[in-house]
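The values are calculated or read from the model by the stated rules, or taken from the named source; none is laboratory data. Nothing here was measured: the structure is a model prediction, and the numbers come from that model. Counting neighbours? That spans all protein chains shown, and the Cβs are built from the backbone with ideal geometry, glycine included.
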Amino acid sequence: MTPGDALAPQTYVVRRSDLVRYSGAAGDFNPIHWSDRVATVVGLPGVIAHGMFTMALVARAVATWTDGAEVVELGCKFTNPVLVPDDDEGAEVLVGGTVKDVDDGLTTIALEVTCGGKKVLGMPKAVVRG
């Protein structure tokens, strides 16, 4: 990898069934992640994906691009939710990346994470060793 390299975009489909499985694995059973009724009562447009589930998709993209290199930093701000419809198609999360820096064995990747053309993570970046 060299600075300026654009990494192949990775697309992940998120369905309600994924959120239910993630809830069980994470122990996060907040109903905004599975109930339209509760999500709309609290002011959301509908059921949303867990922020950390979205970050896990980012980590998956980074692992794909770097052939599983050690991740030494992965961060972002949660700026917009991933709205997951109650259908069989789900929502598509697109993860793109650009190599920003390669120095002393560390590679910094600036990320762009969108759903429906809207950025869902602010200032996402990854730093990998190797």
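Tabulated data
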| item | result |
| --- | --- |
| Residue 38 in contact with a helix residue (DSSP H, G or I) (Cβ under 6 Å, 6 or more places away or on another chain), among the β-branched types (Val, Ile, Thr) and over 20 Å from residue 10 (Cβ atoms) | yes |
| Close pairs from region 90-107: first buried (at least 19 other Cβ atoms within 10 Å of the Cβ), partner polar (S, T, N, Q), Cβ under 6 Å, at least 6 apart | 95/10 |
| Of residues in region 108-130 being within 18 Å of residue 64 (Cα to Cα) and hydrophobic (A, V, I, L, M, F, W, C), the one surrounded by the fewest Cβ atoms within 10 Å (Cβ to Cβ) | 110 |
| Per-region count, region 60-105, residues in a loop (DSSP other than H, G, I, E, B) and at pLDDT 95 or above | 14 |
| Leading residue by the ranking (nearest to the chain's Cα centre (by Cα)) among those in region 57-89 that are buried (at least 16 other Cβ atoms within 10 Å of the Cβ) and under 14 Å from residue 18 (Cβ atoms) | 57 |
| Region 4-30, subset part of a loop (DSSP other than H, G, I, E, B) and without any contact (Cβ under 8 Å) to a residue 40 or more places away in the chain, residue surrounded by the fewest Cβ atoms within 10 Å (Cβ to Cβ) | 27 |
| Residue count, region 31-56 (criterion: β-branched (Val, Ile, Thr) and exposed (fewer than 14 other Cβ atoms within 10 Å of the Cβ)) | 3 |
